[in-house]
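Taken together, the values in this text are just the output of simple stated rules run on the coordinates, not laboratory data. Everything numeric in this text was worked out from a predicted model, so none of it was measured. FYI the Cβ positions are ideal-geometry reconstructions off the backbone, even for glycines, and counts take in every protein chain you see.
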Amino acid sequence: MEEKDSKISEADLAAAFKPEKEKKSKSPKDKKKVISIIVFAIGIATLITGVVFLIMNLVAKPGLQDGEYLVSAKQWILDDSANCDSEANCESGQVAWRFTEIGKGILTTNNHLNDYDFIWAIEDGKLKIETNWLYKLENEYQYDLDQRNGFLTLHEGDKDIKFVADFATE
């Protein structure tokens with residue numbers, strides 16, 4: 001019997017008692033747990049982002065309505081720089097609209113030598129103006145109001161008329 005025992009080496013014994021290697025693939029429970037944790041983390045991140053945007057919207061200063069913004073400027077000066085051939089030939093403020101209050105205003109075409117009253121309204125995205133000039137004029141414009149940069153662009157057919165806000169105080 002001793003001969004059989006002598007054929008087993010210590011390395012063989014160590015190999016026999018060595019634990020089996022772990023399986024490379026995870027069990028289905030482990031996969032579901034990892035997926036659940038990832039979905040939970042994405043949900044928490046989305047919730048935090050939503051709360052941040054909600055707080056920012058609640059704290060943000062509301063913008064002015066279009067009519068209030070038109071009145072807040074001292075006057076709106078026609079940006080006629082495209083028709084200027086030199087800086088000396090380009091007089092600022094030749095045509096200016098002053099929206100004095102909601103629904104009323106003053107128009108000049110010659111630096112306030114002659115002023116004309118007008119009434120105005122904003123309806124359905126259109127600026128409607130009725131001017132008491134030499135005769136009564138009624139105009140209706142599609143408009144874009146860029147409050148960030150102080151531009152009022154009126155669209156009349158294929159022609160665009162651009163005014164620049166003057167917020168100077170006297």
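Extension gain, V39 to Y135: 0.36 nm times the residue separation minus the Cα-Cα distance gives 27.5 nm. Checking every one of the chymotrypsin sites (Phe, Trp or Tyr not before Pro) in region 90-168 against DSSP loop status and a limit of 15 other Cβ atoms within 10 Å picks out W133, Y135, F167.
Using only the Cα atoms of region 123-170, build the gyration tensor, take square roots of its eigenvalues as a ≥ b ≥ c, and label the shape rounded, prolate or oblate: rounded if a/c is under 1.5, else prolate if a/b is larger than b/c, else oblate. The shape class here is oblate. In this structure, the pairs whose alpha-carbon distance is over 22 Å, taken from K104/K128; K74/K104; K61/K162; K61/K126; K128/K162; K126/K159, are K61/K162; K61/K126.
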